Amino acid sequence: MKLKNYILMAVLLPVLLISCAKDKAPSSYLAVSLDKEEYAVGDKVVFRFSGKPDNIVFYSGEPGHEYQYRNTYDRFAKLYFSFSTFVRYGTIQRNIGLLASVDFDGVYELENVQNATWIDLSDSFVWSEGADRVPSGELELNSAIEEKLGISLTQQDRLYLAFHYTDYTDETRTRQNNWIVRTSLLESLSPFGERNTEAEMKTFGWVSVPAGKWTITTAQILIDGKTAPESDAWAISGPFQFGGVPADEGVALKNISTVMDSYTYVYSEPGEYKAVFESSSWWYTGGSSSVTQIDVKIVPAAEEGENSQEGGNSQEGGNE
């Protein structure tokens with residue numbers, strides 16, 4: 001019986017070894033080459049592959065698709081603020097200002113407002129002197145706040161904006177100014193040029209401190225002390241984040257069920273790009289991953305009449 005068992009094991013062992021070998025994940029190795037040292041805008045750039053990984057993800061190196069930023073959320077978008085104003089009644093003067101805080105605690109009570117650090121940005125804007133809808137101009141807030149406070153902003157900082165109004169009446173001056181903020185706009189500009197609206201008048205969340213001093217609607221905010229002896233009032237926005245830019249994304253080119261020996265891509269802007277291919281092969285028995293980088297130089301397209309390849313943004317995969 002023992003001899004039969006040895007014979008059976010001798011027969012089955014090679015089969016088991018072959019089976020295990022078949023279950024081993026293939027190498028994640030991938031070599032990438034180009035046919036030329038430089039291409040023109042609109043040319044088809046063919047990346048040729050050597051290696052058989054199961055999965056390939058492509059980062060073109062263009063803004064928003066850079067491998068180095070694939071897990072990075074802390075690059076800041078720049079915030080820009082603008083508004084328009086109208087002042088009337090009484091002796092016209094600029095008794096309103098625009099302030100910003102990154103340490104206000106969000107409790108809209110006068111004591112909490114006064115305990116916060118407020119940066120006066122008023123002189124960076126244009127204000128009405130009697131005309132209606134006077135545009136303020138636009139201010140990039142990140143740099144202005146960092147310069148004024150001498151700090152570097154972080155993703156944890158929260159921005160509050162405030163219109164601060166002060167006026168008075170006495171025996172020689174019986175009428176206070178009436179200020180109307182007609183529009184307000186907060187926009188962000190990403191590191192790669194994308195501009196987005198973060199808030200407009202109806203979504204700023206303006207709150208009057210003390211309550212009722214400012215008249216706040218979805219269309220405008222207004223303050224008029226009229227005959228009150230003294231007016232000192234704040235219209236404070238909701239909080240805004242110095243938001244990080246979303247992590248850059250790659251494009252999945254292949255998975256275990258596909259075969260790919262090359263990939264074609266078209267760059268729409270001249271520049272020097274670091275194209276990255278992230279390859280991997282993961283099975284239940286284990287696996288590995290690799291990163292392959294190749295420099296791509298894109299020059300301006302030839303002038304009209306010269307020989308050049310044309311094409312829009314497109315991507316192609318193919319087998320050689």
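The values are calculated or read from the model by the stated rules, or taken from the named source; none is laboratory data. These figures come from a predicted structure and were not determined experimentally. Neighbour counts are summed over all protein chains in view; Cβ atoms, including those assigned to glycine, are modelled from backbone coordinates with ideal geometry. For the accessible areas, the whole protein counts, side chains as well, though only heavy atoms, and no ligand, DNA or RNA atoms are used. Shrake-Rupley method; radii C 1.70, N 1.55, O 1.52, S 1.80 Å.
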Sort out for me the Cα centre separation of region 199-233 from region 24-103, rounded to whole Å. 38 Å
Which whole-Hz ³J(HN,Hα) couplings does region 252-260 yield from phi under the Karplus relation 6.51 cos²θ - 1.76 cosθ + 1.60, θ = phi - 60°, glycine and proline marked x? 6, 8, 8, 10, 4, 8, 10, 10, 8
Would you list which aspartates and glutamates come within 18 Å of Lys274, measuring only between C-alpha atoms, while excluding same-chain residues fewer than 8 positions from it? Asp35, Glu37, Glu38, Asp43, Glu62, Glu66, Asp248, Glu249, Asp295
Using modelled backbone amide H atoms (1.01 Å from N, in-plane), which distant-in-sequence or interchain residues come within less than 5 Å of Lys254's amide H? Ile56
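Cross-link list Lys24/Lys52; Lys202/Lys226; Lys36/Lys297: which exceed 19 angstrom alpha carbon to alpha carbon?
Values: Lys24/Lys52 14 Å; Lys202/Lys226 25 Å; Lys36/Lys297 9 Å.
Beyond 19 Å: Lys202/Lys226.
If you place +1 on the Cβ of every Lys and Arg, -1 on the Cβ of every Asp and Glu, and leave all else neutral, what size is the dipole of region 166-247 about its Cα centre, to the nearest 20 Debye? Before the final figure, lay out each step's value.
Numbers: 7 positive and 10 negative charges, 41 e Å.
Dipole of region 166-247, to the nearest 20 debye: 200 debye.
What length, rounded to one decimal in nm, is gained on full extension from Glu111 through to Arg88, with 0.36 nm per residue of separation minus their alpha-carbon distance? Intermediate results must be reported in sequence, preceding the final value.
Values: separation 23, 0.36 × 23 = 8.28 nm, distance 2.98 nm.
5.3 nm is the gain from fully extending Glu111 to Arg88.
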Taking r as the C-beta separation of Asp120 and Thr264 and R0 as 56 Å, the FRET efficiency to the nearest 0.05 is 0.50
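So if we plug the beta-carbon distance of Asp232 and Glu194 into 1/(1 + (r/R0)^6) with R0 = 56 Å, what FRET efficiency do we get, rounded to 0.05? Walk me through the intermediate numbers first.
On the way: r = 40 Å, r/R0 = 0.71.
After rounding, the FRET efficiency stands at 0.90.
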With +1 at each Lys and Arg Cβ and -1 at each Asp and Glu Cβ, the charge dipole magnitude of region 103-199 around its Cα centre, to the nearest 20 debye, comes out at 300 debye
Whenever you get a sec, line up Val291, Val259 from highest to lowest accessible area (probe 1.4 Å, protein heavy atoms). Val259, Val291
FRET efficiency estimate (nearest 0.05) - Cβ-Cβ, Ile151 to Ser288, R0 41 angstrom: 0.40
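Quick one: dipole size for region 243-298, taken about the Cα centre, charges +1 on Lys/Arg Cβ and -1 on Asp/Glu Cβ, in debye to the nearest 20.
Values: 3 positive and 7 negative charges, 31 e Å.
Charge dipole of region 243-298: 140 debye, to the nearest 20.
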